[in-house]
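S.K.: Starting off with a structure, shown below.
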Amino acid sequence: PKRQIEALSKTINILDNRKLEMAQDFATAIFRLCLNILSSHSEGVKVHALECISKLPTHSDMIHTFRESSTFTRCMVSFTRKTEPKEVRLFALKTLLWCRDYIVEDNPRSVRKSLSIIRENLYDPDSEIVRGTAKFIEYFMRSGEDEEFAEEVCNVFEDNAMLPYVAELLNKDNLLQQAGILIWKAFAGSPAGEYFILDHFDELGVWDKVAGFISNRENLKLQELSLVLLTELYDNVTHIPTKVLDSVNSLAREKDLSVKVKAKLHSAIIALFRSKDYCWIESLLKDQVLVQFMMATLSDSNTKPYVQHDIIHSLKRLIKVGESRKEPHARRNPFCQMLYENIDVISLVTLMSKPFPENSLVPLYTKKLLCCIDSGCIEYLTM
């Protein structure tokens, strides 16, 4: 065991320093050896073998190795049991996340058969274990590849009255709060869970916590996760509490947002513009911060084309929603008029003349949007 640990430690150093350059056959050989070590050796060796696997670059040959090892997933999940040392459990969770694509494709049943262990880990006294387990659940719930697993997770949470516990995690320490948001995000992003959780958001006080996390600039990770949760929810939300809208609005006023938070905020606002809650859109007519924020982003030449594309579609939707509120003889509907008053025409025209990827429709869509806002004629948006 001592010599194996030394060899594995050296291999881990190689992986840390030469990850991208490693030959495919060498990586696959290390992976096979680590699988053999995991089945028969002591705890110290297992930790190093798991760390080794979690740092391997992924190669197509490994897919075949996973298929040959039908018990691999259950083996990994078993290493997360409370009877294993914490270090083994954490590396097992990292390994499950590392090989998640292959598990989803090849043996999701192994995951479903391990739900009882996964559920136990969520109640673990160690915050790192709970967060790692939540991240694991979040990926598989949102993968879309295994709806049976997603449905079974929903049933496990409902049958065991676990949702109040998940809501209570939002009142705990930082890692447990992240775990709670990850689980709610898992439900929000899964076809099996999206309607399931909305019934519980108000009664369990989740909206209040989400609004608080978005407003809290001291914890960027929780802020980012909460914005992503809001983005995931947009398709099914029929009522967005004012406190959540206020927190997003307030964040959009900040001038020194990090790149990551700004990107998440873009997505959340786009999602809000597309939500089914038409009532809140009225508030945009009184306080135009969100629209101004998105228009500034749209005209910024540093904004990614896919973000610009999404913004344009969201603004188009706003204009179409506003058409039903158009006053007789008015040139533009209220939302179109609001955009007209906030638009930076010169920046957008300049943007249209900049080079875009060959298949990008941003210049064309920007032109249509400008024509619509200028004339008030929404037919430009459908041409």
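S.K.: What's the number of the only condition in (1) part of a helix (DSSP H, G or I); (2) without any contact (Cβ under 8 Å) to a residue 24 or more places away in the chain; (3) not acidic (D, E) that L257 fails to meet?
M.R.: For L257, the failing item is (1).
S.K.: If the Cβ limit is 7 Å and pairs must be 6+ apart or interchain, which residue in segment 291-309 that is within 12 Å of I270 (Cα to Cα) pairs with which residue that is acidic (D, E) and part of a loop (DSSP other than H, G, I, E, B)?
M.R.: M295/D344
S.K.: Show me the helices (runs of 4 or more DSSP H) found entirely inside segment 279-340 where at least 2 residues are within 14 Å of Y365 (Cβ to Cβ) and touching a Lys or Arg at 6+ places or on another chain (Cβ under 7 Å). Full working, then the answer.
M.R.: Working: elements: 282-286, 289-299, 305-322.
Because the criterion is at least 2 residues that are within 14 Å of Y365 (Cβ to Cβ) and touching a Lys or Arg at 6+ places or on another chain (Cβ under 7 Å), the helices (runs of 4 or more DSSP H) in segment 279-340 that meet it are 305-322.
S.K.: Taking A49, is it modelled with pLDDT of 75 or more, in contact with a Leu (Cβ under 7 Å, 6 or more places away or on another chain) and in the same structural domain as P85 (by the TED database)? Lay out the reasoning, then the answer.
M.R.: Details: modelled with pLDDT of 75 or more: yes; in contact with a Leu (Cβ under 7 Å, 6 or more places away or on another chain): yes; in the same structural domain as P85 (by the TED database): yes.
Here the answer is yes, as A49 does meet what is asked.
S.K.: Could you check segment 136-152 and list, in sequence order, the residues that are surrounded by fewer than 21 Cβ atoms within 10 Å (Cβ to Cβ), within 13 Å of the chain's Cα centre (by Cα) and at pLDDT 70 or above?
M.R.: Of everything in segment 136-152, those that are surrounded by fewer than 21 Cβ atoms within 10 Å (Cβ to Cβ), within 13 Å of the chain's Cα centre (by Cα) and at pLDDT 70 or above turn out to be Y139, R142.
S.K.: If I filter segment 214-236 for residues that are in contact with an Asp or Glu (Cβ under 9 Å, 6 or more places away or on another chain), closer than 22 Å to S283 by Cβ and free of Cβ contacts under 8 Å to residues at least 40 places away in the same chain, do I get at least one hit?
M.R.: Scanning segment 214-236 turns up at least one residue that is in contact with an Asp or Glu (Cβ under 9 Å, 6 or more places away or on another chain), closer than 22 Å to S283 by Cβ and free of Cβ contacts under 8 Å to residues at least 40 places away in the same chain.
S.K.: Here is a further query. Taking segment 345-355 as the region of interest, how many residues are in a loop (DSSP other than H, G, I, E, B) and surrounded by 15 or more Cβ atoms within 10 Å (Cβ to Cβ)?
M.R.: First pass over segment 345-355, keeping only residues in a loop (DSSP other than H, G, I, E, B): 353-355.
When the remaining residues are screened for being surrounded by 15 or more Cβ atoms within 10 Å (Cβ to Cβ), the result is none.
The number of residues fulfilling the criteria is 0.
S.K.: Let me ask another. Quick one: which of I269, I240 is in a helix (DSSP H, G or I), in contact with a helix residue (DSSP H, G or I) (Cβ under 9 Å, 6 or more places away or on another chain) and of a type in the set (A, V, I, L, M)?
M.R.: Values: I240 fails: in a helix (DSSP H, G or I).
That would be I269, the only listed residue that is in a helix (DSSP H, G or I), in contact with a helix residue (DSSP H, G or I) (Cβ under 9 Å, 6 or more places away or on another chain) and of a type in the set (A, V, I, L, M).
S.K.: What pairs come up if the first residue lies in segment 338-358 and is in contact (Cβ under 8 Å) with a residue 12 or more places away in the chain, the second is surrounded by fewer than 10 Cβ atoms within 10 Å (Cβ to Cβ) and part of a loop (DSSP other than H, G, I, E, B), and their beta carbons are under 7 Å apart, counting only those six or more places apart or on different chains?
M.R.: Short answer, once both residue conditions are applied: L351/S301; K354/S301.
S.K.: For the structure I just gave you, tell me whether V166 is in contact with a helix residue (DSSP H, G or I) (Cβ under 9 Å, 6 or more places away or on another chain) and under 13 Å from F187 (Cα atoms). Write out each step before concluding.
M.R.: Numbers: in contact with a helix residue (DSSP H, G or I) (Cβ under 9 Å, 6 or more places away or on another chain): yes; under 13 Å from F187 (Cα atoms): yes.
For V166, the condition - in contact with a helix residue (DSSP H, G or I) (Cβ under 9 Å, 6 or more places away or on another chain) and under 13 Å from F187 (Cα atoms) - is met.
S.K.: Another question, then. Report yes if some residue within segment 309-316 is over 23 Å from V259 (Cα atoms) and either in contact with a strand residue (DSSP E or B) (Cβ under 6 Å, 6 or more places away or on another chain) or not aromatic (F, W, Y) (or both); otherwise report no.
M.R.: Of all residues in segment 309-316, those over 23 Å from V259 (Cα atoms) come to 316.
The next check asks that each one be either in contact with a strand residue (DSSP E or B) (Cβ under 6 Å, 6 or more places away or on another chain) or not aromatic (F, W, Y) (or both); those that pass are 316.
Yes - at least one qualifying residue is present in segment 309-316.
S.K.: Pick from Y234, Y278: which is modelled with pLDDT under 80, under 25 Å from L170 (Cβ atoms) and not basic (K, R)?
M.R.: Details: Y278 fails: under 25 Å from L170 (Cβ atoms).
The match here is Y234.
The values are calculated or read from the model by the stated rules, or taken from the named source; none is laboratory data. Note that this is a predicted model, so its numbers are computed, not measured. Quick reminder, even Gly has a Cβ in these numbers, built from the backbone with ideal geometry, and neighbours come from all protein chains shown.
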